[in-house]
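Working notes for the structure below.
No value in this document is a laboratory result; all are computed from the given coordinates. Since this is a predicted model, take the numbers as computed values, not measurements. FYI the Cβ positions are ideal-geometry reconstructions off the backbone, even for glycines, and counts take in every protein chain you see.
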Amino acid sequence: MLKGIIIDNIVSTRKQESLLGSKFMEVEILENGQRTGKYLVAIDSVGAGIGETVLITTGSSARLALRNTATPTDAVIVGIVD
Amino acid sequence: MLKGIIIDNIVSTRKQESLLGSKFMEVEILENGQRTGKYLVAIDSVGAGIGETVLITTGSSARLALRNTATPTDAVIVGIVD
Amino acid sequence: MLKGIIIDNIVSTRKQESLLGSKFMEVEILENGQRTGKYLVAIDSVGAGIGETVLITTGSSARLALRNTATPTDAVIVGIVD
Amino acid sequence: MLKGIIIDNIVSTRKQESLLGSKFMEVEILENGQRTGKYLVAIDSVGAGIGETVLITTGSSARLALRNTATPTDAVIVGIVD
Amino acid sequence: MLKGIIIDNIVSTRKQESLLGSKFMEVEILENGQRTGKYLVAIDSVGAGIGETVLITTGSSARLALRNTATPTDAVIVGIVD
């Protein structure tokens, strides 16, 4: 899993039907508390907002955090770091 | 998921039968709005064209965005960023 | 699999229900006995603590090391290196 | 998926039984038409040869391109670029 | 798949029960015949030893090379390069 800080929302009107209602966030990866300059896009599953530090699960396991486990995503925000 | 900009079509006449009809696009990855000089090839599922900024799902989850979920691909364009 | 050294606990109160009770650890990757400056977050499954050198399984295989194999994680500590 | 150029065959006499008959190729990754100095080994499924530019599918999806989808591989050549 | 050279055994007494009997090897990745300074840990399935050049399958496909396909690993040595 990765730790990261949410830096932006991403809006996509034309997308896969199965992604309707998904909230896409751009996240900068944190390693050892430092920003890394590496980014990915994840779907939020815990009500996280811009500026919050979060945990992200990647790969096929990410889908297990969503109500629809057939959602075509490879990254989901699964927790907010205290 | 990754954000990227489509830079080219890739044409492959000799390919796996299950890939017939797939539209292959070369995409440059964007991070934090910047081009990264990193590229991958993805199958389009949303009618995206060269120059458009898109969302890409990678890994086995990518196949869930295609009509034939047994397509041997690891990257699919699943949305166009507004 | 990766070899790493546990450097910290990560606390997340607001998280996916299926992650309740999971112990998150930040791990620095070791290669050839050297610290690499690369980090990831893994769930512990063997009672490992800070400062211990461990083996980490990543990807969907990681879940096979947990009691609940539907846990949405992509990295699990599966052994402690002697 | 990745675009690459086949640079060599790899011969392995002692291997997993399920890999008997597999043709292993070392491939240099191409990005934006340029060689990258990054390499991987893939099983050929389309009759590609040294010097040809190919498309490679990685991860568990790669196996869907093979007759035996239980082949323990994570990279398969699925097309030849025109 | 990756080509690599086995550089060491890794001993882990306290580990997941499902990993009992697994032989862990640290492998340096080779690209185009050159050492890369990148390393991973893989389970041996073909009787390989230190100093041998091997093929490694990563990800969930790796498990298909083992007798117990539920082994929580993401990297298995599947062949010895001639």
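Odds and ends about this structure:
- Within region E:21-32, one or more residues are crowded, with 20+ Cβ neighbours inside 10 Å and of a type in the set (Asp, Glu).
- Taking the criterion of being surrounded by fewer than 18 Cβ atoms within 10 Å (Cβ to Cβ), in contact with a helix residue (DSSP H, G or I) (Cβ under 8 Å, 6 or more places away or on another chain) and small (Gly, Ala, Ser), the only residue of region E:41-82 that qualifies is E:Ala70.
- Failed condition for C:Val41, given (1) within 27 Å of E:Glu28 (Cα to Cα); (2) more than 7 Å from every other protein chain (Cβ to nearest Cβ); (3) in contact with an Asp or Glu (Cβ under 9 Å, 6 or more places away or on another chain): (2)
- Verdict on C:Asn9 being farther than 18 Å from A:Asp74 by Cα and more than 9 Å from every other protein chain (Cβ to nearest Cβ): yes
- Restricting region E:5-20 to residues that are part of a strand (DSSP E or B) and touching a residue at least 24 places away in the same chain (Cβ under 8 Å), the residue that is surrounded by the most Cβ atoms within 10 Å (Cβ to Cβ) is E:Ile6.
- The sole residue among C:Val46, C:Val54, C:Val76 that is touching a residue at least 24 places away in the same chain (Cβ under 8 Å), at the interface with chain E (Cβ under 9 Å from one of its Cβ atoms), β-branched (Val, Ile, Thr) and not in a strand (DSSP E or B) is C:Val46.
- For region E:1-49, a tally of residues being of a type in the set (Phe, Trp, Tyr) and on the phi > 0 side of the Ramachandran plot returns 0.
Conditions tested, residue by residue: (1) more than 7 Å from every other protein chain (Cβ to nearest Cβ); (2) of a type outside the set (Lys, Arg); (3) outside any strand (DSSP E or B).
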residue: C:Ser22; (1), (2), (3): yes, yes, yes
residue: C:Val27; (1), (2), (3): yes, yes, no
residue: C:Ser61; (1), (2), (3): no, yes, yes
residue: C:Arg67; (1), (2), (3): yes, no, yes
